[in-house]
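**Q** Take this structure first; my questions come after.
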Amino acid sequence: MPEAPPVADSLTLEYITLFIYFGFLLALGTVFARLNRTLSDFARGGSQLTWWMVGTSMTMAGISAFTFTGNASAAFEAGPSLLIIYLANVLGYAAGALFLGPWYRQTRAYTGADVIRGRFGTAAEQFSIYLGIFLGPVIAAIQLWALAIFVSSVFGFSLMATIIVIGAICVFYSTAGGAWAVVATDFVQGIVLFSITILVGVLALVEVGGISGFLAQMRAPEVAASFRFINEAGEFPADRFTWGWAIAIFLIQMMTQVHLTTAVRYLAVKDGREARRAALLALVLMAFGSLIWFLPPMVARFLYAEEVLAIPIDDPATAAYAVAAANLLPNGLMGVMIAAMFAATMSSLDTGLTAQASTLVRNLIPRARSALRLPPLREEVEVTLCRSLTVALGGIIITLSILLSVQQRFILFDAYYTISSLIGLPTMLPLVAGILFRRLASWSYFFIFGVSLLPALYSVIFEATGGDPWTIQTRALWVLGFGSVAVFTAWWFNRYSSPAHVERERAFFERMATPVDFEKEIGVHRERDQAIILGRSVLAMGTLLLLLLFVPNPWIDRLLVFAVAAMVLAVGALLRFAAGPAPRV
C-alpha cells in the first residue's frame, strides 16, 4: 500500500481542489445570472424554477455550515439530543407539503414583506423591513462565523482572515447571481454535499465498528451519562439538553419553518403543486440527512476527542465534524466538501444578502420615492440597485461576523438560539399567528410583537443589573407564554375591527386559496432548459471529481473517490436524459 503524501502536499491538493471548485461555481452562477432581467428574476427567479431545484435549495438553506459546526458541537457533547432541531425541520417541511407550500406560493408575492403587507397592512410591512435590516445580517453573520470556524479548523488559517476572505467571496457570488444562480448552484452543491456526507457518515460508522460498535460506544461509561436524548438539569451549562431546553428549541425551530415570511421559499416555483413537491423533497432530504450528518461528530467524541479538544479556538467542539472528516476522507475530497459547505452557507447568507436587498428595492425604496414625488424606478435600475445593496449588506455581515468571533460570552451553538429567543421569537410570533388565525385585530402585529418582547427585554435588564443570566429555554418559554396571551387577546378583539380591515383579511386568505394559473400569470416555460444546463453541469462536476482518482491514494481510497463521483454522475445523467435529446436555442 503506498504511503500517504506529506501533510504540506495534502494541503496543497485541498487548496487546488477548492480553487477549481469555486471557479466551477462562479461559472455556473454567471450562466444563470444572465436571466436576471427584472426584480422578479432577482428576487424569486421569475417564479419559473423547477420543484427539484427549489426543494434541494430549501434543504441547503436549512443546513449550512452551522449544521457541521454549531450543531455538530452539540452532537459531540450530548449525542442525539440535537435531533430535536431536525425533527422540527422535518415537521415544518411536512406542513409545507400538506398545505403551507401551495398557500404561500399562491400569495403571488415577490418578498416576505409583500406577504406581511397583505396580511397585516403597510405599517407592519415597513416595520418588518427595518427589523429585518437588523436581524437578517446578524443571522447571516452567525452562519459566516460557523463556516469560517470549519475552514480555519481544517487549514489552520486565522479565524478573522477566513471570515474576511470567505465573506468577500459570498458577497461577490450573491451580487452576480440573484435567485437563479443561488438556487441552481445550491442544487449542484446539494448533490455533491450529500454524496460526500454519506461517505463520511459510512466511514465513521465503519471506523467505530459498525452499528453494534457505535451503540457500544454510546453505552460506554465515559459518554453514556451525557449521550442521553434528554439530560438532567445541571449536567450541561445553562441546563442545555434538558426537557425544558428540548421543548423551547423545538418550538423555536418549528416556528422558524412555518411563519409567514417563509413564503419566500416557495415563490420561485411555478404553482402550488410544484410548491408541494419542493417541500416533500426537502422533507425527504432533511430526514435522511439527519440520520447521517451527526454520526461523524459523535464518532469524533469516541475516537478523536483529544485531537478535537486540542484545537486552539474558544469552543473546540465546533470543529468535531472537521476533525472526523479530515481523518476519514481520502486526499482531495476535503477541499470539495468545504466548497460544498460554502455553497450551503451561501444559501443561508442569501437571507441576509439578495433577499434582503430585494426587499429594500421592492418594499422600502418605492415608498420613499413616492413620498418624495419621484417616479418609479426602471426594471434595469432595480436590478442594479439590488446588486449595490447586496455589496453594502455584505460588508455589514462580515463586520458582525468578526465581532462575534472575538466575543467570549457565547459559544457558536448558543449564539444562534440566544438571538432567536431574544428578538427572533417575538418577531416570529405574530407571523405564526397570522397564518393560524384568520381573524385578528388590526393592531395585532404590533401588539403580539410588543407583548412577546417584554420578557425578553426584562431578561436583558435583569442580567445587566447583576441578576443571574436567563437560560435560552427560560427566556423562550416566557416569551411564548406572553405571546400566546397576546394572540388570543388579538383574536378576541377582532370582533371590533373596521370593515376595511375585515376586507383585507378576507382578500388575503381568498388570494392565498386561489390556485396559480401559470399560463396566464407567468407563461414562460424554462423547465427543460434548467434540466439541460444542470444536467450538463452535474456531469461536468462528476467528471472533475473523477480526476481525483489520479491523486496518490491507497486503492481503497480511490474506490471511495470513485463512489462519490459515480453518485454525482448518476444524477447528472438522469437529468440530461429527462431533458430530452436536443437543447432549445
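**Q** Restricting attention to region 266-280, which residues are part of a loop (DSSP other than H, G, I, E, B) and of a type in the set (Lys, Arg)?
**A** Answer for region 266-280, where residues must be part of a loop (DSSP other than H, G, I, E, B) and of a type in the set (Lys, Arg): just Lys270.
**Q** Can you work out which of the residues in region 539-553 that are farther than 14 Å from Val568 by Cα and assigned to a helix (DSSP H, G or I) is farthest from the chain's Cα centre (by Cα)?
**A** So, considering only residues that are farther than 14 Å from Val568 by Cα and assigned to a helix (DSSP H, G or I), the one farthest from the chain's Cα centre (by Cα) is Phe550.
**Q** Moving on to the next point. Can Ser388 be described as under 25 Å from the mean Cα position of the chain (by Cα) and modelled with pLDDT under 75?
**A** No; evaluated as a whole, the condition is false for this residue.
**Q** Conditions first: (1) more than 16 Å from the chain's Cα centre (by Cα); (2) surrounded by fewer than 18 Cβ atoms within 10 Å (Cβ to Cβ); (3) in contact (Cβ under 8 Å) with a residue 40 or more places away in the chain. Trp243 passes all but one, so which condition is the exception?
**A** (3)
**Q** So how many residues does region 156-166 have that are more than 15 Å from Val406 (Cβ to Cβ) and at pLDDT 75 or above? Full working, then the answer.
**A** Filtering region 156-166 for residues more than 15 Å from Val406 (Cβ to Cβ) gives 156-157, 165-166.
Next, only the ones that are at pLDDT 75 or above stay: 165-166.
Residues meeting the conditions: 2.
**Q** Determine whether Arg117 is in the same structural domain as Asp314 (by TED's automatic domain parsing), of a type in the set (Lys, Arg) and either over 22 Å from the mean Cα position of the chain (by Cα) or surrounded by fewer than 24 Cβ atoms within 10 Å (Cβ to Cβ) (or both).
**A** Yes; evaluated as a whole, the condition is true for this residue.
**Q** While we're on this one: Could you grab me the full set of residues in region 12-45 that are among the polar types (S, T, N, Q) and not in a helix (DSSP H, G or I)?
**A** Asn36, Thr38 - these are the residues of region 12-45 that are among the polar types (S, T, N, Q) and not in a helix (DSSP H, G or I).
**Q** Something else now. Taking Leu559 and the conditions (1) under 21 Å from Phe194 (Cα atoms); (2) modelled with pLDDT under 85; (3) surrounded by fewer than 15 Cβ atoms within 10 Å (Cβ to Cβ), which numbered condition does it fall short on, given that it satisfies the others?
**A** Among (1) under 21 Å from Phe194 (Cα atoms); (2) modelled with pLDDT under 85; (3) surrounded by fewer than 15 Cβ atoms within 10 Å (Cβ to Cβ), the lone unmet condition for Leu559 is (2).
**Q** I need a count of the residues in region 361-384 that are in contact with a Leu (Cβ under 9 Å, 6 or more places away or on another chain) and crowded, with 18+ Cβ neighbours inside 10 Å.
**A** 4
**Q** On the basis of being among the hydrophobic types (A, V, I, L, M, F, W, C) and at pLDDT below 75, does Val90 make the cut? Walk me through it before giving the result.
**A** Details: among the hydrophobic types (A, V, I, L, M, F, W, C): yes; at pLDDT below 75: no.
Considered against the rule, which asks whether it is among the hydrophobic types (A, V, I, L, M, F, W, C) and at pLDDT below 75, Val90 comes out as no.
The values are calculated or read from the model by the stated rules, or taken from the named source; none is laboratory data. Quantities reported herein were computed from a predicted structural model and do not represent experimental measurements. Don't worry about glycine lacking a Cβ; one is built from the backbone with ideal geometry, like all the others, and counts go over all protein chains shown.
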